Amino acid sequence: MKGINVQIMGQSLTVASDAGDDWVKSLAETVDEKIKDIRAGSQSINSVNLAILAALNFAEELEHLRREHQELVDRIAAMNKRLSAAIDGE
């Protein structure tokens with residue numbers, strides 16, 4: 001696993017990852033942008049709180065995507081069941 005240097009909140013970090021450099025740098029840019037967005041909407045907030053708020057934002061997005069994914073999986077399963085029933089002549 002190699003280390004990839006990235007910048008988040010003006011801090012240089014080395015991230016160990018088997019993913020490609022471009023992927024890791026893209027993730028770091030996404031995190032940095034989220035933190036900048038939060039910072040722009042807040043008065044004065046310390047780095048730890050910024051990181052926590054960014055993590056909460058990402059967790060919320062992830063949970064919405066998980067729920068949407070499960071809904072799609074459920075819909076596909078229901079459609080598959082109806083299709084199988086139609087094919088079987090039920």
Quiz item: How many of the residues in segment 42-86 are within 30 Å of Ala28 (Cβ to Cβ) and part of a helix (DSSP H, G or I)?
Solution: 25
Self-check item: In segment 57-90, the residues that are touching a helix residue (DSSP H, G or I) at 6+ places or on another chain (Cβ under 9 Å) and either surrounded by 10 or more Cβ atoms within 10 Å (Cβ to Cβ) or under 30 Å from Gly41 (Cα atoms) (or both)
Solution: Asn57, Phe58
Practice problem: Report, ordered by the first and then the second residue, all pairs with beta carbons closer than 8 Å, sequence separation of six or more or different chains, a first member in segment 2-31 that is part of a loop (DSSP other than H, G, I, E, B), and a second member that is surrounded by 14 or more Cβ atoms within 10 Å (Cβ to Cβ). | Solution: Met9/Asp32; Met9/Ile35; Met9/Leu50; Met9/Ala51
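Read-outs throughout are calculated quantities, based only on the coordinates presented, and are distinct from any laboratory measurement. A quick note: this is a predicted structure, and the numbers were derived from the prediction, not measured. All Cβ positions, even for glycine, are placed from backbone atoms using ideal geometry, and neighbour counts span all protein chains on display.
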